[in-house]
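Read the figures in this text as sums done on the coordinates, not as results from a lab. Given the structure is predicted, the values throughout are model-derived calculations rather than measurements. FYI the Cβ positions are ideal-geometry reconstructions off the backbone, even for glycines, and counts take in every protein chain you see.
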Amino acid sequence: MEYENVFDLLKARGLLAQCTDEEGARELLGKEKVTFYIGFDPTADSLHIGHFLQLIVMRHMQRYGHRPIALLGGGTGMIGDPTGKTDMRKLMTVETIQHNIDCFKAQMEKFIDFSGGKALMVNNADWLCKLNYIEFLRDIGPHFSVNRMLTADCVKSRLEQGCTLLEFNYMPMQSYDFLQLARNYDCKMQLGGDDQWSNIIGGIELNRRCDQRAVYGMTFTLLTTKEGKKMGKTEKGALWLDPEKTSPYEFFQYWRNIDDGDVQNCLRLLTMVPLEEIDAIDIHDGPAINAAKEKLAYEMTSLVHSQAEADKALAAAKSLFGAGESHADMPATQLDAALLQEGSIGVLDVLVTTGLCASKREARQLVQQGGIALDGEKVTDVAASLSEAQLKAGVTIKKGKKIYHKVNL
């Protein structure tokens, strides 16, 4: 089914969480081509799966003729968003921030069409780094109530540890971004994750008070499991979009192995698969669920990497889970020979070094429970080791039923 208004599409796919004026926003999106923005603070040298959900929203909006602004936080990134943090973010150098911005730009161009002004990339350092602090306080400060800011989720989470003046400036500065984009680009909407609701409200209020301009805010569902836990965490950390940080095969396997109860929701939120096809999946039929997981993994890997990488990951998965053979595209770790002692290395050390286990304690428990096999042979002795000769030949580690990893010297 094709919706006439992108607002209805976003709602039907379960993406929409909150809207400042649902009726007004829907009417605006139905009658004109709207310029909107989403902010991305460059906290790492790659986007992760949480960012990807926002990029999918931008992609949906652009398909309906609206113009996205990807606002890169060259200025706000120097402060750090306190949202969801119990400790202050580590401050980054200007050089690190610029490097991360360059990485973000290259990745975003895979998902959003920036040609011919169809989308814009803007850096808030262009205005934030030029601000006169006294003028900013006099012009913008009177429009923010400290009492109200203290009730915002993005600040409350930091109060126990102590919210610094640096972090307390984040909300006014993000709000100022919306004011600048509205003035300079006729931007009428800010979109973001549901954890950004307080910051978005700040920008809408600032536009109203400074320029008497009506603008809108929408937030989108955070990517969580059916139990409410945050998705996108792997044994090695975040699920990155950079193939050097999370390989296409690991990326594919993450989605192939998600819980049965999450597959339909992920298809709705993260892919362009039609809703009718998603709704038709029989969640009580094992083969149908497995086919849906494979489709999710394939669609996601195609979108983030390429169809060629998705084909390779799918072939590797079928080879491993079908015939149980080794495959060139499985994740691999090359161990440094210096890690060997007297010509061998303990299996527990290998599991930690490869990232298959977070600690030796976890590795020991896994071995004792029979959850590790080396080249098809189950290992139950926590003192087991791999020799230099074995490692030179290459050893396939199987963790549980679905995770494979190649290790060699």
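The simple Förster model, with R0 at 51 Å and r as the Cβ-Cβ distance, assigns Val94 and Lys118 a FRET efficiency of 0.95.
Convert 25 °C to kelvin, take the viscosity as 0.890 mPa s, use the Kirkwood radius over C-alpha pairs of region 233-323 as Rh, and evaluate the Stokes-Einstein diffusion coefficient in µm²/s, rounded to a whole number. Write down the numbers at each step before the final one.
Values: Rh = 13.4 Å.
This corresponds to a translational diffusion coefficient of 183 µm²/s.
For region 332-408, report the convex hull volume of the alpha-carbon atoms normalised per residue, in Å³, without decimals. Write down the numbers at each step before the final one.
Values: hull volume 6.1 nm³, N = 77.
Dividing the Cα hull volume of region 332-408 by its residue count gives 79 Å³.
Arranged by the count of other C-beta atoms within 10 angstrom, fewest first, what order do Met272, Met108, Met92, Met189 take? Please list the in-between numbers first.
Values: Met272 12, Met108 21, Met92 18, Met189 26.
The fewest-first ordering by Cβ neighbours comes to Met272, Met92, Met108, Met189.
Each 10 Å bin from zero up to the one holding the largest Cα-Cα distance in region 37-79 carries the following percent of pairs: 27, 50, 21, 2. Remark: for residue pairs Lys31/Lys188; Lys236/Lys360; Lys245/Lys295; Lys230/Lys398; Lys293/Lys318; Lys233/Lys378, the C-alpha separation exceeds 19 Å in Lys245/Lys295; Lys230/Lys398; Lys233/Lys378.
In terms of the ratio Rg/(2.2 N^0.38 Å) built on C-alpha atoms, what value belongs to the chain? Walk me through the numbers before you get to the answer.
Values: Rg = 24.0 Å, N = 409, 2.2 N^0.38 = 21.6 Å.
Normalised Rg, Cα atoms only: 1.11.
Taking every C-alpha pair closer than 8 Å and separated by at least 6 residues, the mean separation divided by the residue count of region 280-388 gives a relative contact order of 16 percent.
In this entry, region 186-298 is assigned a mean projected area of 9.7 nm², taken as a quarter of its C-alpha convex hull surface. When you restrict to C-alpha pairs under 8 Å that are six or more residues apart and normalise by the size of the chain, the relative contact order lands at 15 percent. Highest mean packing comes first when the peptides 217-229, 28-40 are listed by Cβ atoms within 10 Å, giving 28-40, 217-229. Counted residue by residue at 0.36 nm each, then reduced by the alpha carbon distance between them, the extension gain from Ala393 to Thr43 reaches 122.1 nm. When all alpha carbon pairs of region 6-220 are counted in 5 Å bins from zero, the resulting P(r) reads 1, 7, 15, 19, 22, 18, 11, 5, 1, 0 %. Modelled spin labels at Met1 and Arg63, positioned 7 Å past Cα toward Cβ, are 1.5 nm from each other.
Potential lengthening of the chain between Asn257 and Gln341 amounts to 26.7 nm, from the contour at 0.36 nm per residue minus the alpha-carbon distance. Which FRET efficiency, nearest 0.05, do Asn184 and Lys401 yield, Cβ-Cβ r, R0 60 Å? Calculated value: 0.65. Taking 0.36 nm per residue of separation and subtracting the Cα-Cα distance, full extension of the segment from Arg361 to Thr380 would add 5.4 nm.
With the simple model of a label 7 Å out from the Cα in the direction of the Cβ, Glu22 to Asp102 spans 4.6 nm.
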